[in-house]
Amino acid sequence: LPMAAGTLFRRWRPDAARRVHASLGRVAFPALMLLAAVFFVQYAGTILENLGTLGLAAGALILLAMSAGSLLSRVFGLRRAARRTVVIEVGMQNAAQAIAVATSPLIFDSGEMAVPAIVYALLMNVILLVYLKLLPKYSGETAAD
C-alpha cells in the first residue's frame, strides 16, 4: 500500500514528489541514527552483553547481502555505478523497519526485540564506510565516480 501510494503520488504530483523525496533524503539517515542511538542508550547493557554474537550475526548478514547484491548485479550485467548502488542499498536495508516492527505497540511492543536491529544499524554504517573507503583502492576509481 505505501509503495502504491508513493507511485501514484509521483505520477500525479511529480513536482511535489521531487520536493518530498529531497526532504526525506536529507532526514532519513540522521533519523535512523538518532533512533538507533536512543535505543542503544536505553538497552546498552543488553547490547554489550550480546555484542559478540549479535555483531558476528549482523556482520555476516550484511556481508552476505552485499556479496549477493554484487554477484547478482554482475549476473544481470549492470554497469559499475549500478552495481555499487545495489551493494550499498542491500547493505542498508530494513534496519529502521526492523526497529519499528519490534517496538510497535501493535506488533511486538518490545525494545529488547529491537536490539539485533540496533546492532545491525550501527554495524552497517561501519561496514559500508569501509566499503566506500576501499572502493577506490581496488577499483581504480574515486568514490564519487
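Expressed as a whole percent, the accessible surface of the chain that belongs to carbon and sulfur atoms is 68, based on a 1.4 Å probe. Only Lys, Arg, Asp and Glu carry charge here, each on its Cβ (+1 for the first two, -1 for the last two); on that basis the chain has a dipole of about 860 debye about its Cα centre. On the principal axes of its alpha carbon atoms, the chain extends 43, 43, 25 Å, with the longest extent given first.
Give me the extension gain from ALA81 to THR7: residue separation times 0.36 nm, minus the current Cα-Cα distance, reported in nm with one decimal. The partial results should precede the final answer.
On the way: separation 74, 0.36 × 74 = 26.64 nm, distance 2.43 nm.
Answer, rounded to one decimal: 24.2 nm.
A 1.4 Å probe run over the chain, with the rest of the protein chains in place, finds 69 Å² accessible per residue.
The values are calculated or read from the model by the stated rules, or taken from the named source; none is laboratory data. Just so we're clear, the structure is a prediction, and the values are computed from it rather than from any experiment. No Cβ is skipped: glycine too gets one built from the backbone with ideal geometry, and neighbour counts run over all protein chains shown. These accessible areas exclude ligands, DNA and RNA; they are computed on the full protein's heavy atoms, side chains included. Shrake-Rupley method; radii C 1.70, N 1.55, O 1.52, S 1.80 Å.
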